[in-house]
Every structure is written in C-alpha cells, then in structure tokens.
1. Can you send over the carbon and sulfur percentage of the accessible area for segment 165-243, probe radius 1.4 Å, protein chains only?
2. Quick one: dipole size for segment 93-136, taken about the Cα centre, charges +1 on Lys/Arg Cβ and -1 on Asp/Glu Cβ, in debye to the nearest 20.
3. Using Cα springs under 10 Å in a Gaussian network model of the chain, which residue among D69, D140, D271 shows the largest mean-square fluctuation?
4. Quick check: at a probe of 1.4 Å, how many percent of the accessible area of segment 2-125 sits on carbon and sulfur atoms?
5. Could you tell me what a quarter of the Cα convex hull surface of segment 67-112 works out to, in nm² with one decimal place?
6. For segment 179-256, would you read off the P(r) tail past 18 Å as a percentage of all alpha carbon pairs?
7. If contacts are Cα pairs under 8 angstrom and at least 6 residues apart, what is the relative contact order of the chain in percent?
8. When the chain is modelled as a GNM with alpha-carbon springs shorter than 10 Å, which of G187, G141, G92 fluctuates the most?
Amino acid sequence: DGDYKVANNLLIPFGIDGTDEKPIYLMSESSDSRVVLDFEGTTGEGITLCGNYWYIQNVDVTNSANGKDGIHVCGSHNVLDTVNTYKNGNTGIQISRYSSAQDKADWPAYNTIKNCTSHNNADAGYEDADGFAAKLTVGDGNVFDGCISYNNADDGWDLFAKVQSGSIGAVTIKNSVAYGNGYLEDGTNAGNGNGFKLGGDSMSGKHVLENCVAFDNKAKGIDSNSCPDINVINCTTFNNESYNIALYTNSAKNTDFSATGVLSYRTYMKDNVEQFKLLGTQDKTKVDNDTNYFWNY
C-alpha cells in the first residue's frame with residue numbers, strides 16, 4: 001500500500017500469463033487501501049499490459065508522459081477492478097493492440113474494465129486523451145461496467161474505428177457515467193468533449209450502451225460517430241451542449257440502430273433536436289417507439 005514514484009514504464013510483456021482458474025494479481029496489500037503509481041518524469045505509458053489473465057485491483061495510475069496512456073491493455077482476458085487513472089498524458093485506460101506486429105486474431109479481447117474511474121487526462125494538444133477507449137484494433141468481448149469518466153480533455157469513451165485497420169469487435173458499456181468531458185476540472189476548455197463516442201468511418205460495430213448516463217459534456221452525450229448500428233438501452237442523456245443523442249452515419253447506405261428506454265432531457269430550452277439519420281433498410285420503429293423520450297423543442 002502507499003504512493004510510489006515509478007522511474008520507468010511498467011511493461012507486462014507477452015507470454016507472462018495467468019489462466020482462467022489462476023489469474024495473476026496486481027493489487028494493494030490490503031483490500032481497504034490503495035496503491036498509487038506516479039509516473040511523473042518518465043517518457044512512456046504508465047502500465048502496458050500485454051499479458052493475458054491478469055487481475056489489477058485498487059491501483060491508481062497518474063502522470064504518464066504526454067501522448068502516452070495511463071494504462072494500455074494489449075492482452076486478453078484481463079480484469080481491471082476499482083482502478084483510477086487521472087492526470088495522464090493521454091487516455092486513462094485504453095484497449096488496443098501493442099504494435100502492428102500483433103495479428104488481428106490476437107487483438108485484445110474479452111477484457112473487463114469494472115468499477116474504474118478516469119478523469120482529468122489530457123495531452124498537450126487536447127486532441128486525444130479520453131477517459132476510456134477501446135478503439136482502432138480491438139477484438140470481441142471487451143466490456144466496461146460500472147465506470148465513471150469525467151473532465152477528460154477529449155471524450156468520456158471512444159470506440160473509434162477506421163478503414164485502414166477495419167472494423168473492431170463489439171464493445172459493451174453498461175452501468176456507467178460520462179460527464180463534463182471536453183473541460184478539465186479547473187475549467188480549461190480542452191478537446192471535443194463527447195460523453196460516449198461509439199464508432200467511426202461508417203463501419204459496423206454493433207456496440208451496446210446500456211443503463212448509462214451522459215450529462216454536461218461539451219459536445220454530444222451519446223454519439224454513434226458514424227457507426228451505423230449501435231444499440232442504446234435504458235440510457236439517460238441530459239444537458240449536453242450539442243445533441244443529447246446522435247444516431248447517424250456519414251457514408252453507410254443502411255443503418256440498423258436500436259434505441260429503447262432512452263430519456264433525453266434538458267433543464268433549459270435549446271433549439272437543436274436530436275440528430276437522427278436513419279437510412280435504407282433501417283426499421284424505424286427500432287428508434288421511433290414509445291419507450292423513448294427524445295428532446296424535440
């Protein structure tokens with residue numbers, strides 16, 4: 001237990017693996033206290049996790065180098081539980097491959113990020129630092145559950161995919177909260193500031209956002225970001241500065257959005273309604289149905 005100044009990036013390399021029955025634990029000595037790993041003055045990421053079947057619990061990671069993630073998960077079947085990341089030089093916790101040498105079949109998959117909090121992460125240009133991300137190069141089965149993301153320079157969550165690397169595996173975000181993103185806690189006007197950004201480049205993702213809340217974000221609360229087929233279930237989005245919810249695609253000819261139990265609300269009048277772009281074979285009743293309450297003033 002306690003605070004540690006760490007001199008170098010903590011790399012857990014490929015091949016240092018636990019098993020499903022016996023994961024490798026990295027955790028505080030006592031269950032009711034924490035470890036703080038401070039990477040101030042280093043030139044890399046905080047923790048780079050390439051191993052499989054690790055369980056990290058009750059650990060804080062802070063002050064990774066500019067442009068470097070607090071925790072970068074490159075392996076599979078890992079659990080981050082009650083981990084806090086803050087004041088890092090890029091995204092607090094990001095799931096993506098380690099390098100181009102990692103084949104698509106080995107992209108990080110079936111990782112669970114639960115009960116984690118990520119805030120005040122910012123790169124120098126305020127362009128890239130999200131609270132959480134599973135983007136660009138991730139496999140199937142990655143889940144965020146019970147997490148909070150606030151006052152990060154860029155977005156609360158980012159699931160961006162691009163044509164060059166292809167579609168990513170479906171990501172589930174549930175029981176989580178995103179607020180105040182795009183502004184740092186000291187009021188600094190920083191980056192884009194979406195709450196949940198769920199796609200990119202008009203490619204299928206089939207991501208699921210369930211029982212989540214987005215409020216007071218600088219841009220959109222829930223943003224499909226051109227992904228044509230996200231599923232939003234029992235979510236609340238309110239008082240975001242742009243659209244509360246945006247389901248659209250830039251170039252896909254067909255969409256397959258689904259929204260049930262969505263509450264969009266404002267405590268002040270604002271001219272822009274929700275941003276919906278339902279195209280082609282879309283069953284419009286999967287979005288326009290009496291389980292949803294959208295903002296239409």
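1. Carbon-and-sulfur percentage of accessible area, whole number: 43.
2. 220
3. D271
4. Carbon and sulfur together cover 49 percent of it.
5. One quarter of the hull surface, i.e. the mean projection, equals 3.4 nm².
6. Pairs farther apart than 18 Å: 40 percent.
7. Averaging sequence separation for qualifying contacts and normalising by length gives 10 percent for the chain.
8. G187
The values are calculated or read from the model by the stated rules, or taken from the named source; none is laboratory data. Since the model is a prediction, treat every value here as computed from it, not as a measurement. In this analysis, Cβ positions are derived from the backbone assuming ideal geometry, glycine residues included, and neighbour counts consider all displayed protein chains. Surface areas here come from the heavy atoms of the whole protein model, side chains and all, with no ligands, DNA or RNA. Shrake-Rupley method; radii C 1.70, N 1.55, O 1.52, S 1.80 Å.
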